[in-house]
Every structure is written in structure tokens, then in C-alpha cells.
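J.: Input: one structure, supplied below.
Derivation of every value follows stated rules applied to the coordinates shown; laboratory data play no part. Please read all numbers here as calculations on a predicted model, not as lab measurements. In this analysis, Cβ positions are derived from the backbone assuming ideal geometry, glycine residues included, and neighbour counts consider all displayed protein chains.
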Amino acid sequence: MSLTKGLSVSKETWDSHNQMMLDPLSVNDSEVFSIIKKEKHRQTYGLELIAAENYTSRAVLEALGSCMHNKYTKGYPGEKYYFYELEKLCQKRSLETYGLDSEKWGVNVQPYSGSPANFAVYTAVVEPHGRIMGLDLPDGGHMTHGFMTEKKKISATSIFFESMPYKVNPDTGYIDYDRLQENAKLFHPRLIIAGTSCYSRNLDYERLRLIANENGAYLMGDMAHIGGLVAAGVVPSPFEYCDIITTTTHKTLRGCRAGLIFFRKGVRSVDAKGKETLYNLESLINQAVFNGLQGGPHNHAIAGIAVALKQAMTPEFKAYQVQVLVNCKSLSSGLIDHGYKIVTGGSDNHLILLDLRTKGTDGGRAENVLEACAISCNKKTCPGDTNALRPSGLRFGSPALTSRGMMQEDFKKVADFIHRGIELTLEIQGSLDPEAPLKEFITALWQGEKFQQRVSEIKAEVEAFAGKFPMPGLPEL
């Protein structure tokens, strides 16, 4: 018996359905609209210092919310369908943005984000249980570079592959390349990752290439954090030395949330007899992305990436990235003037790591107070930390506030706000038992009348300051 037998739809209901498909979000779903408006207010009147976050442009958001969302495609661009024009345009712009020769480099623009892009590379070139070396997460690496603890394999990378981290020198905060070279000779990795998520200095790609060559390993650059800086030519490029490069597109590149994988083509090596070995990365990586790990590409995201890449080739974008570096240095010097210690003593890029051990507090407590004051940042481990559950540092980044038009003097003011928040952290901490857990600290922060008054004072000043700077994007949402 047919379930639809005898059923019909009235004209009134059908007209209502058609109207529903045309209604704006504010009419169609007031609850979701309200939540988004609250987030818009928070972003407009807060200081966004999370190094992995940024504000994208109105044009990118319009592409992201376009009819390209409706189209489901499979595979890779051919010549038959017009909608493949978008992916081919995005590939072309990807190579142009980084000054790459299409005869020597290819790019896959389908990864849904940076983490899937990384895992696709591992799937393509590292056999199951093959060996990977990446900077340890507590030392400034990324979760997807193989993070694990003594008791548990945290990242899927460490579950499906064998990972061994390399470390920074606990005294200087700089990567210990000598120790990496020694360990690589013992571990014999298939892949070495040149990438970070909380490391304020430029990487020595030439040294990493040498270490990879000694072990017959691929060198993969993960430039998720610095992709925009590399595009603008204000930091060293990994393309000169790496075989494969991955990146997100929403951090310093300032696009929508997605990922890219660049890979070399042509000759990989020539032996003593002149015999050439060619790269075979294109087919391996493409197969790993689709249909190894993903289904159809997100065409609306590819549209957003393409728009962001066009912007990244403009003089205005380079000027922005120069200001990102200047602002980060201004924030760093402002905090140093207040008596704080910056890991490695400063920054070559868009972020700094503040070490709070000399102040007698930690990142978790300070992060909670700053968040209450409308200042967003991340708690992070510092070199030498022995308890990952109580990280000593705070990570700050300059890209988002620079996108709102702030200059170096504005970042001096931001440093002042951070200092006041940390002073309040020490005051709350001083009112408690020295061994009081974080939960007790948070209770005191939110229930202490005196502390809440101080929070309200700082927050009001922060919001008044932040509200002076326009927020990029769509006018209402």
C-alpha cells in the first residue's frame, strides 16, 4: 500500500512552503538569528586575540552563502561541466598566490579544513603504522602532527601512524634542530612535518630539508598559521624546501574555513648514474582526498577560497600582513614593558607566547579572567611545563584585530588591558588557598562582588575601545 495514497497538499500550505524558502533568517528562525546576533555583538565589542582566528571579508561570506552550496560534484575538474570552472580557477589562483609554476607544483583545493588536509597527506605517502615526526604539541606543534601522551594516543595521527615528536630547547624556546637530527637518524621517519601552531619564530626550512634528505623522508610544510604571511612574502616560504605543503584558508590567509594541499611534480631526485626518480604525489594525494577520506567537495567553500586568494594577491593584502607583524611586535614590547616574559623573547610572525610562571599564575586562570573582560586568547603550555593540565602560558595573535584596522599604538592599549586582567587574576588568586583548584578560582571570579566589579570596569573600557573599530563582513550577521 502506498503511503502517499489519498494525500494532497493544499494551495495555502504550498504557498506557505514557497514563502518559507524565501524568508530571511530573522523571520524563518528567530532563535538561531538571536544567537548569531549575540555572537556578532561579542565579536564587535571584544578583543579577539586568538591567533588562529580572523575576520573574513564580505565578498568571501557572500561566496560562501551562494547557490554554489546547492551543487554536489564528485571527482576532479574535467572539461564537460561548467561548474568545474570554479575549481580550476581556485587551483590557478592558489598557484599564482604563492608564485608557483604549474609544471612543478599542483594543488588540491577540496580538503574541508586543515586537519583533514594533513590526514590526507599521511594517508597518501605514509603507509599504515609508518613513521612521522612533528613538533610536539606542548612545544608549539599541532594536534594533527601526531600528539600522544604516555597513557593515551590523542591524535588520530598517532593512532594510525607511529609518531615521534621533536622538541624545543626548554631554556631558549627555540626548536632543537640538533636533537631532531639525532633522533631522526634513529627513528627513520617517512615524513617530517615543518609546521607549528604556537611558535613565534621562523622555521629553518633548509635545515629541516637536510634532515629529511638524510632519512629519505618527505618534508611536509604545514603553514596553516602563516599562509597569509607567506603569500605576502613577509616571512620565509616553505615552498623552496618542502615536497608537500598544507594550509588552512581562514587564519592569516583570511578566507573561509577550508584547506589546501600543494604538492611537487616532476623530478624528485637523481642518483649517481643520472637516473631520475619522479614524484608521484598528485595521484596519491588526490585519491586520498577523494574518495579516500572525503565525499564531494564543498563548492561554496571553494568559491570562498577563490575570492580570498584574489584578495591575497593585492598590494592592500601585503600592507595588511606587514601591519600584522608590526602589531605583534608592538603587543610583545608592550607586555615586556609591563614586566612579562615572552617565550623566545619576541616574535617573527603573528603570535607570541606569554610565560606567566614568573608572575606566579598560569594560563588557565588568566584566560578565564581575560575572557570575562571581553578579551579572547588561548592558554598554552610553555617550554619546560610538567603539567599539561595547568599550562603556564597564554597565546596571543594579531591578525584579527589588525583586520579591524588597529595599528601599533592600539596594540599598546591592548597590552594595557591584558596587564590589568592578569593583575586581577593575581588578586583573585591571592584571596584563595595557594593550592586551590581552578574550579574554586572560577567560582571566586564570578561570585566575588569585588572581583565582578573590577571585571565590569575593565570590560566596559574594552568594549568602548573595541567598538570604535569596524568589524568586516556582512552588515547584520
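J.: What are the radius of gyration and Dmax of segment 290-414, computed over its Cα atoms and given in Å?
T.: Calculated on Cα positions, Rg and Dmax stand at 18.0, 53 Å.
J.: Which of the lysines could be linked to Lys310 by a straight reach, that is with a Cα gap under 18 Å, when you skip same-chain ones fewer than 8 residues away?
T.: Lys88, Lys92, Lys251, Lys318
J.: For segment 73-188, list log₁₀ I(q)/I(0) at each q in 0.11, 0.22, 0.23 Å⁻¹, using the Debye formula over Cα point scatterers of equal strength and ignoring solvent, two decimals each.
T.: Ignoring solvent entirely, the Cα scatterers give -0.53, -1.18, -1.22.
J.: So how do Trp14, Trp105 line up by other beta-carbon neighbours within 10 Å, fewest first?
T.: Least crowded to most crowded, the residues run Trp14, Trp105.
J.: Tell me, what ³J(HN,Hα) does each residue in segment 119-125 have, in order and in whole Hz, if you take phi through Karplus 6.51 cos²θ - 1.76 cosθ + 1.60 with θ = phi - 60° and put x for Gly and Pro?
T.: 5, 5, 5, 4, 4, 6, 10
J.: Let me ask you something else. Once a ≥ b ≥ c are taken as the square roots of the eigenvalues of the Cα gyration tensor of segment 315-386, is the result rounded (a/c under 1.5), prolate (a/b larger than b/c) or oblate (a/b not larger than b/c)?
T.: Taking the square roots of the gyration eigenvalues as a ≥ b ≥ c, segment 315-386 is prolate.
J.: Whose amide H sits under 5 Å from the amide H of Arg268, counting only residues 5 or more places off or on another chain, with H placed in the peptide plane?
T.: Long-range HN contacts for Arg268: Thr277, Leu278, Tyr279.
J.: Residue farthest toward the positive end of the dipole of the chain, with Cβ of Lys/Arg at +1 and Asp/Glu at -1: which of Leu353, Ser163, Leu370?
T.: The residue sitting most towards the positive pole is Ser163.
J.: Among the DSSP beta bridges whose two residues both lie in the chain, what percent are antiparallel, rounded to the nearest 5?
T.: Details: 24 of 42 bridges.
Bridges in the chain that DSSP calls antiparallel: roughly 55 percent.
J.: Kindly write out, for segment 307-320 in residue order, the coupling ³J(HN,Hα) from the Karplus curve 6.51 cos²θ - 1.76 cosθ + 1.60 (θ = phi - 60°), rounded to whole Hz, with x marking Gly and Pro.
T.: Result, rounded to whole Hz: 5, 5, 5, 4, 5, 5, 9, 9, x, 5, 5, 4, 4, 4.
J.: Quick check on the chain: take the gyration tensor over C-alpha atoms, sort the square-rooted eigenvalues as a ≥ b ≥ c, and tell me if it's rounded (a/c under 1.5), prolate or oblate. Write down the numbers at each step before the final one.
T.: Numbers: a/c = 1.70, a/b = 1.07, b/c = 1.59.
Oblate.
J.: If you plug each phi of segment 59-69 into the Karplus form 6.51 cos²θ - 1.76 cosθ + 1.60 with θ = phi - 60°, what whole-Hz ³J(HN,Hα) values come out, in order, with x for Gly and Pro?
T.: Once rounded to whole Hz, the list reads 4, 5, 5, 5, 5, 5, x, 8, 5, 4, 4.
J.: Sticking with this structure for a sec: Take Val322, Val235 and order them by how many other Cβ atoms sit within 10 Å, fewest up front.
T.: Details: Val322 15, Val235 20.
Least to most surrounded, the residues fall as Val322, Val235.
J.: So how do 181-194, 450-463 stack up, highest first, on mean other-Cβ count within 10 Å?
T.: Highest to lowest by the protection proxy: 181-194, 450-463.
J.: Could you check how many percent of all C-alpha pairs in segment 276-317 are farther apart than 17 Å?
T.: For segment 276-317, the share of Cα pairs beyond 17 Å comes to 58 percent.
J.: Check the straight Cα-Cα distances from Lys275 and name the lysines below 21 Å, setting aside those fewer than 8 residues away within the same chain.
T.: Lys104, Lys265
J.: Right, next: Please report Tyr76, Tyr199 as a ranked list, fewest other C-beta atoms within 10 angstrom at the top and most at the bottom.
T.: In order of increasing Cβ crowding within 10 Å: Tyr76, Tyr199.
J.: In debye, nearest 20, what is the charge dipole magnitude of segment 67-312 about its Cα centre with +1 on Lys and Arg Cβ and -1 on Asp and Glu Cβ, if you could check? Mind showing how you got there, number by number?
T.: Working: 27 positive and 24 negative charges, 132 e Å.
So the dipole magnitude of segment 67-312 works out to roughly 640 debye.
J.: Give the distance, in whole Å, between the Cα centre of segment 119-170 and the Cα centre of segment 435-477.
T.: One Cα centre to the other: 36 Å.
J.: Suppose every Lys and Arg Cβ carries +1 and every Asp and Glu Cβ carries -1, with no other charges. What dipole size does the chain come out with about its Cα centre, to the nearest 20 debye?
T.: Working: 53 positive and 54 negative charges, 141 e Å.
Dipole size: approximately 680 debye.
J.: Where both partners of a DSSP beta bridge lie in segment 67-312, what percent of those bridges are antiparallel, to the nearest 5?
T.: 45
J.: So if I restrict to the alpha-carbon atoms in segment 67-312, what is the Rg, and what is Dmax, the biggest pairwise distance, in Å?
T.: 17.7, 59
J.: What whole number of Å gives the distance from the Cα centroid of segment 1-33 to the Cα centroid of segment 377-423?
T.: For segment 377-423 versus segment 1-33, the Cα centre distance is 48 Å.
J.: Show which aspartates and glutamates lie in cross-link reach of Lys341 when reach means a straight Cα distance below 16 angstrom and same-chain residues fewer than eight apart are skipped.
T.: Lys341 reaches Asp171, Asp355, Asp362, Asp385, Asp416, Glu423.
J.: Taking the Cα centroid of segment 186-222 and of segment 301-348, what is the distance between the two, rounded to the nearest whole Å?
T.: Each part's Cα centre sits 24 Å from the other's.
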